[in-house]
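Enquirer: One structure is given below, represented as structure tokens, and several questions about it will come after.
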Amino acid sequence: DGIFWDISNVYGVNKIEYYVDNSMNYSMGASSPTSFNNGSLEFMQNTTNLDFKTNFDKLDLAVGAEYRMEDYKIESGDLASYKDGGSQGFPGYSDLSAVDADRSSYAFYIDATYNFSEDFSLEGAGRFEDYSDSGQTTNIKLATAYKVIEEVLLRASASTGFRAPSLAQSNYSNVATFGGVTSGTF
């Protein structure tokens, strides 16, 4: 009946495992291993969307909903990889840096485009999102497009916007010790 719908689910995991070979932890002297497991970083995201689209003469209308789950982990490395300065070249992630953070969010959105002609359109969109760790946000966007000639389209848009920081941005840390001085990245 002129209403198109789409349901989708996207799942992905990225994991980086750090190893150092042919190195040593100088604080351990001759008993130092020469290969180290320095820890890992892992990110998982699972996103489900349900979208509906229809048009009324010159008006294109789309609405939808989204649910997203995310998980971010820093796993510590072997003790020798970070103890008293750690492995040379790249000290491992310590127990102080280890983290397992997760969050979920849901969103509702609407998008309407009015086509005045084949060459000129005006678009408005809104999105409400609720993050389990950083609250709610409502954002709007306005855009216009004008086709000067077949090969040239001029487009302008303006929007408000808040995007919660990624779990890696808000949860990454690494502590390292050099010559008895501890420094960290948080």
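The values are calculated or read from the model by the stated rules, or taken from the named source; none is laboratory data. Everything numeric in this text was worked out from a predicted model, so none of it was measured. Heads up, the Cβs are rebuilt from the backbone with ideal geometry, glycines too, and the neighbour counts pull from every protein chain shown. Heads up: the accessible areas ignore ligands, DNA and RNA and are worked out on the full protein's heavy atoms, side chains in. Shrake-Rupley method; radii C 1.70, N 1.55, O 1.52, S 1.80 Å.
Enquirer: Can I7 be described as within 22 Å of the chain's Cα centre (by Cα) and either touching a residue at least 12 places away in the same chain (Cβ under 8 Å) or open to solvent by 60 Å² or more (accessible area, probe 1.4 Å) (or both)?
Expert: Working: within 22 Å of the chain's Cα centre (by Cα): yes; either touching a residue at least 12 places away in the same chain (Cβ under 8 Å) or open to solvent by 60 Å² or more (accessible area, probe 1.4 Å) (or both): yes.
Considered against the rule, which asks whether it is within 22 Å of the chain's Cα centre (by Cα) and either touching a residue at least 12 places away in the same chain (Cβ under 8 Å) or open to solvent by 60 Å² or more (accessible area, probe 1.4 Å) (or both), I7 comes out as yes.
Enquirer: Please go through region 120-156 and pick out each residue that is open to solvent by less than 60 Å² (accessible area, probe 1.4 Å), farther than 30 Å from D71 by Cβ and outside any strand (DSSP E or B).
Expert: Hits for region 120-156: nothing passes.
Enquirer: Pairs under 7 Å by beta carbon, first residue more than 15 Å from T113 (Cα to Cα) and in contact (Cβ under 8 Å) with a residue 60 or more places away in the chain in region 147-160, partner open to solvent by less than 80 Å² (accessible area, probe 1.4 Å) and not aliphatic (A, V, I, L, M), six or more apart or different chains?
Expert: Going by the 7 Å Cβ cut-off, there are no qualifying pairs.
Enquirer: A further question follows. Could you check S35 against (1) within 30 Å of T144 (Cα to Cα); (2) open to solvent by 60 Å² or more (accessible area, probe 1.4 Å) and say which number it fails?
Expert: (1)
Enquirer: So how many residues does region 88-126 have that are under 30 Å from the mean Cα position of the chain (by Cα) and either of a type in the set (S, T, N, Q) or more than 30 Å from V152 (Cα to Cα) (or both)?
Expert: Selection size over region 88-126: 21.
Enquirer: Right, here's the next one. Just to be sure before I move on: is Y114 open to solvent by 70 Å² or more (accessible area, probe 1.4 Å), farther than 29 Å from E17 by Cα and not small (G, A, S) in the structure I sent? Show your work before the answer.
Expert: Working: open to solvent by 70 Å² or more (accessible area, probe 1.4 Å): yes; farther than 29 Å from E17 by Cα: yes; not small (G, A, S): yes.
It is true that Y114 is open to solvent by 70 Å² or more (accessible area, probe 1.4 Å), farther than 29 Å from E17 by Cα and not small (G, A, S).
Enquirer: Which residue is farthest from S40 (Cα to Cα), if the candidates are limited to region 92-102 and must be open to solvent by less than 20 Å² (accessible area, probe 1.4 Å) and of a type outside the set (S, T, Y)?
Expert: Within region 92-102, the first condition is being open to solvent by less than 20 Å² (accessible area, probe 1.4 Å), and the residues that meet it are 92-94, 97, 101.
Those still in the list that are of a type outside the set (S, T, Y) too: 92, 101.
Details: G92: 9, A101: 14 Å.
The qualifying residue farthest from S40 (Cα to Cα) is A101.
Enquirer: From the set of residues in region 157-186 that are modelled with pLDDT of 90 or more and part of a strand (DSSP E or B), which is least open to solvent (accessible area, probe 1.4 Å)?
Expert: A158
Enquirer: So, of the residues in region 68-91 that are open to solvent by 10 Å² or more (accessible area, probe 1.4 Å) and aliphatic (A, V, I, L, M), which turns out to be nearest to K53 (Cα to Cα)?
Expert: M69
Enquirer: Go through region 88-115 and give me each residue that's among the aromatic types (F, W, Y) and modelled with pLDDT of 95 or more. Walk me through it before giving the result.
Expert: Of region 88-115, the ones among the aromatic types (F, W, Y) are 90, 93, 106, 108-109, 114.
Within region 88-115, Y106, F108, Y109, Y114 meet the criteria.
Enquirer: Regarding region 41-54, can at least one residue be identified that is out of contact with any Lys or Arg (no Cβ under 9 Å at 6 or more places or on another chain), closer than 30 Å to K141 by Cα, open to solvent by 80 Å² or more (accessible area, probe 1.4 Å) and free of Cβ contacts under 8 Å to residues at least 24 places away in the same chain?
Expert: No, region 41-54 contains no residue that is out of contact with any Lys or Arg (no Cβ under 9 Å at 6 or more places or on another chain), closer than 30 Å to K141 by Cα, open to solvent by 80 Å² or more (accessible area, probe 1.4 Å) and free of Cβ contacts under 8 Å to residues at least 24 places away in the same chain.
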